[in-house]
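Here's the structure, in structure tokens; my notes come after.
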Amino acid sequence: MKVQDLTQVSDIAYKLAEVIGSGNYKNILVYEFHQQIDPSKYYNSESGLEEFRRRCGESYSAFIDYGIVDEVPAIISISFKIADEWFIVYECGSNFYLGFGPCGILELRKSCAKNKVPIFYLSNTLEEWLKENFDQRGEKTKRRNSHKIEFDKIINVIQHFCIDIQRRPEHFNQMKEESLRDLILKPLNAAFKGRGNAEAKNGKGKTDILIRTKDGLNELIFELKIWNGIKSLEVAIDQLLSYLRWQNNYAGLLIFYKQNNLSATIRKVYDHLVANYGQIIRNQYLENEFKFKIPNPNDRERIIEVYLLLVNIG
């Protein structure tokens, strides 16, 4: 039996929770695999784990044996069976950040508990489980060399970190772009083993954050700006484009919002992106982020995927 990999499916934990909650499928099983992290390299991971446990609460009843679940901060991968078909998801969330990804794991656990779907916590890795049960090796190494997978992982780290700073905006709203950039580089370099660089030369200038892909063949670029109206967004996009080279396929914009009325600004940003860049991908659970596509200025046949996050520190 072949196991289908759904790692690249957006919001997969939330979607699985919804499928379980629909009651349309029987014979569902869920397995969790926890990869322990070094707490010293992740901001507030110990307190994050404590809050994660609190939020999980009665959902632990879904586990067949939950005595050792969430004892240490860990990144969580899952496998699950629906209608006699198996699926896997690498690094689906974690138990120490309470941003978008981890809350998906919480929703999944809640749905399993409510609908009496068992969750098995396994001490081996997802790779070992695949080999043992299906005589199938996962393609994890190959996937980690995929630029798309790395880009999505960067987004996941940024989401978690920005959710955290938005809880304490008073500590950050006086910071300038350079200081905010240095803050974000810390968790990125922890996750990507020092491959993040600030003010790195690329294209026609120096981009704020550049992370070299694991295979060393590409760069994933992010620009940081302080919001100052739609014009500042236009300038940020033009500047980002000037840094891109032919091989770049993914880029990001982090725009820090220090004013009031963020909801109205989100609507303005959405209208502007639709008018200028066509189809916009919206996240069902994070209203302040967008994905859109633009032609590479060096070759209009090549399309660049751009991730945009409005970070509220007003």
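The values are calculated or read from the model by the stated rules, or taken from the named source; none is laboratory data. None of the values given here were measured: they were computed from a predicted structure. All Cβ positions, glycine included, derive from the backbone under ideal geometry; neighbour counts span all protein chains shown.
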Please state which of the following conditions Val306 fails to meet, knowing it meets all the rest: (1) assigned to a strand (DSSP E or B); (2) surrounded by fewer than 18 Cβ atoms within 10 Å (Cβ to Cβ).
(2)
Given (1) over 16 Å from Gly48 (Cβ atoms); (2) at pLDDT below 90; (3) assigned to a helix (DSSP H, G or I); (4) in contact with a helix residue (DSSP H, G or I) (Cβ under 8 Å, 6 or more places away or on another chain), Ala113 misses just (2)
The lone exception for Leu210 - which of (1) within 24 Å of Ile37 (Cα to Cα); (2) at pLDDT below 80; (3) among the aliphatic types (A, V, I, L, M) it fails
(2)
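Given the structure, is Ile266 in contact with a helix residue (DSSP H, G or I) (Cβ under 9 Å, 6 or more places away or on another chain), within 21 Å of Gly314 (Cα to Cα) and in the same structural domain as Leu180 (by TED's automatic domain parsing)? Don't jump to the end; show me each part of the working.
Working: in contact with a helix residue (DSSP H, G or I) (Cβ under 9 Å, 6 or more places away or on another chain): no; within 21 Å of Gly314 (Cα to Cα): yes; in the same structural domain as Leu180 (by TED's automatic domain parsing): yes.
No: the conditions fail for Ile266.
Looking at region 209-258 only, could you name the residues that are β-branched (Val, Ile, Thr) and assigned to a helix (DSSP H, G or I)?
First pass over region 209-258, keeping only residues β-branched (Val, Ile, Thr): 209, 211, 213, 221, 226, 230, 235, 237, 255.
Of everything in region 209-258, those that are β-branched (Val, Ile, Thr) and assigned to a helix (DSSP H, G or I) turn out to be Ile230, Val235, Ile237.
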Residues in region 282-314 that are touching a Lys or Arg at 6+ places or on another chain (Cβ under 6 Å) and closer than 16 Å to Ile237 by Cβ: how many?
4
Exception for Ser10 within (1) assigned to a helix (DSSP H, G or I); (2) in contact (Cβ under 8 Å) with a residue 12 or more places away in the chain falls at (1)
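The rows are residues; the columns are (1) surrounded by fewer than 19 Cβ atoms within 10 Å (Cβ to Cβ); (2) within 22 Å of the chain's Cα centre (by Cα).
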| position | (1), (2) |
| --- | --- |
| Ile209 | no, yes |
| Asp215 | yes, yes |
| Leu240 | no, yes |
| Gln247 | yes, no |
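Considering every residue within region 29-49, establish whether at least one is modelled with pLDDT of 90 or more, within 18 Å of Leu286 (Cβ to Cβ) and out of contact with any Pro (no Cβ under 7 Å at 6 or more places or on another chain). Can you show your working first?
Quick first cut of region 29-49, residues modelled with pLDDT of 90 or more only: 29-34, 49.
With the extra rule that they be within 18 Å of Leu286 (Cβ to Cβ), the set shrinks to none.
Within region 29-49, none of the residues are modelled with pLDDT of 90 or more, within 18 Å of Leu286 (Cβ to Cβ) and out of contact with any Pro (no Cβ under 7 Å at 6 or more places or on another chain).
Given the criteria within 17 Å of the chain's Cα centre (by Cα), in contact (Cβ under 8 Å) with a residue 12 or more places away in the chain and farther than 20 Å from Leu122 by Cα, does Cys92 qualify? Reasoning before the result, please.
Values: within 17 Å of the chain's Cα centre (by Cα): yes; in contact (Cβ under 8 Å) with a residue 12 or more places away in the chain: yes; farther than 20 Å from Leu122 by Cα: no.
No; evaluated as a whole, the condition is false for this residue.
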Can you say whether Glu32 is touching a Phe, Trp or Tyr at 6+ places or on another chain (Cβ under 8 Å), closer than 30 Å to Leu185 by Cα and either outside the structural domain of Phe87 (by TED's automatic domain parsing) or surrounded by fewer than 16 Cβ atoms within 10 Å (Cβ to Cβ) (or both), as far as the supplied structure shows?
no
Go through (1) at pLDDT below 80; (2) surrounded by 15 or more Cβ atoms within 10 Å (Cβ to Cβ); (3) part of a helix (DSSP H, G or I); (4) not basic (Lys, Arg) one by one and return the number of the condition Asp152 breaks.
(1)
Could you tell me how many of the residues in region 218-240 are farther than 22 Å from Gly314 by Cα and free of Cβ contacts under 8 Å to residues at least 40 places away in the same chain?
4
From Asp164, Asp182, which residue is part of a helix (DSSP H, G or I) and touching a strand residue (DSSP E or B) at 6+ places or on another chain (Cβ under 9 Å)?
Asp182
